[in-house]
1. Describe numerically, in nm with one decimal, the distance between label points set 7 Å from Cα along Cα→Cβ at Ile147 and at Lys62.
2. What is the calculated FRET efficiency for Leu96 to Glu45, with r their C-beta to C-beta distance and R₀ = 35 Å, to the nearest 0.05?
3. Quick query: amide H of Val128 versus all other amide H atoms, modeled in the peptide plane; which residues come in under 5 Å with a sequence gap of 5 or more or a different chain?
4. Expected output is a single nm value to one decimal: the length gained when fully extending between Val187 and Asp24, i.e. 0.36 nm times separation in residues minus the C-alpha distance. What is it?
5. Compute the relative contact order of the chain as a whole-number percentage, counting only Cα pairs closer than 8 Å that sit 6 or more residues apart in sequence.
6. Counting other C-beta atoms within 10 Å, and keeping those with at most 16, which DSSP coil trypsin sites (Lys or Arg not before Pro) do you find in the range 186-267?
7. Can you list residues from other chains, or at least 5 along the same chain, whose modelled amide H is less than 5 Å from the amide H of Val35?
8. Could you quote the convex hull projected area for the chain, Cα atoms only and averaged over all directions, in nm²?
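Just so it is clear, none of the values below were taken in a lab; they were calculated from the coordinates. What you see is a predicted model; the values in this text were computed from it and never measured. Please note: Cβ atoms are built from the backbone with ideal geometry, for glycine as well, and neighbour counts cover all protein chains shown.
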Amino acid sequence: MTTTAKAKLGIIAGSGRLPLRLIDACIKENRPYFVIALEGQAKPEDYRGHPFEIVRIGAAGKSIKLFKQHDVSDIIMAGPVKRPSIAALRPDGTALKFIMKTGAMKQGDDGLLSALIKFLEKDHGFRVVGVEDILQDTMHGEGALGIHRPDKQAWDDIKKGVQKLKVLASADVGQGLVIQDGLVLAVEAIEGTDAMIRRCKDLKRPGTNPILVKLRKIGQETRADLPTMGVDTIINAYESGIFGIAFDGGGMIIMDKEDVIDKANELGVFLQAIDQEADG
C-alpha cells in the first residue's frame, strides 16, 4: 500500500520552542520542511542541522523566494514575534508593497495577520496552516486538566474576566488578564503574557488568589498567534501569586501537555479549559 506524500512545510520561526516541536513532528512523519528563522527573534543555533535560512522580518521578498526555491507548498507561522517599528522593519520592495496595499503597520495584530495570510495565499499561492493541523496533541477541549479545580470565587472571577476580555477584543487589545475578587490587576498588552504575569506580583491584594484568564479574541485568525502555555507559564504564575489559569479550550496551544499538568499539580495551580461562549 502506498501513502500520499505530505506537502513540504515552510516554517516561519519566531522565538520559543514551538517551531522546534513542528520540526520534530515533520521528522517523525517523514514530512519535508524548510525554516525561515526570523532575525532577532529565532535563535539560529536552534536550527543548525536543519534546512534553514536567517531572514530579517522586512525581507518578505527573500522569504517568498526561498520558500519557492525549496518547493514549499504549506506555510505555518510559529513562535512569538516582537512587532517592529516601520524604521526597524526596513521593508524590501515586496514588504513595502504589502504595507502600502493593506495599511498593515496601522492595523492591530489580528488585522495584520489576516492581511498577511491573504497575501501569502492569494498573491503567492501558498496554503497557510495552523499549529493544530500539525500538532494535534497541543489542544484541549473544555474541562479541567490536573487535580486542582476552581472554587466558587474563582469561577466568578473567570466569568468576569471572560466578559472583560470580550470588550477588549473589540479594540484588538490583548488576549489575557489577571483578575482577583472581580478587580482586574493587569491586562496583557504588547509586552506579552509572561511580562503581564510578573507585573502582578506586586499588585496582588490580601485574600483570595488571582486568576489568569487567557483567550483567543472573538473572530481571531486561528492560523497564527494563538495563545501558548508551557511549563514556564505555570512556574511564572505560581511565583507571581497566581494559583489558577482559565483558558480557551479551543484556542490554546499547550506545549508539553503532560509536563504542564504535572507542574500545575505540584504547585497547586488549577488549569481550567473553558468554552468562552458558554462561560461569558
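1. So the two model labels end up 5.2 nm from each other.
2. Values: r = 31 Å, r/R0 = 0.89.
Rounded to the nearest 0.05, the efficiency is 0.65.
3. Ile75
4. Working: separation 163, 0.36 × 163 = 58.68 nm, distance 3.38 nm.
Gain on stretching Val187 to Asp24: 55.3 nm.
5. Numbers: 494 pairs, mean separation 48.5, N = 280.
Here the relative contact order equals 17 percent.
6. On the way: sites: Arg198, Arg199, Lys201, Lys204, Lys214, Arg216, Lys217, Arg223, Lys257, Lys263; in loops: Lys204, Arg216, Lys217, Arg223.
Answer in residue order: Lys204.
7. Ile11, Phe52, Glu53
8. On the way: hull surface 64.5 nm².
For the Cα atoms of the chain, the hull's average projected area reads 16.1 nm².
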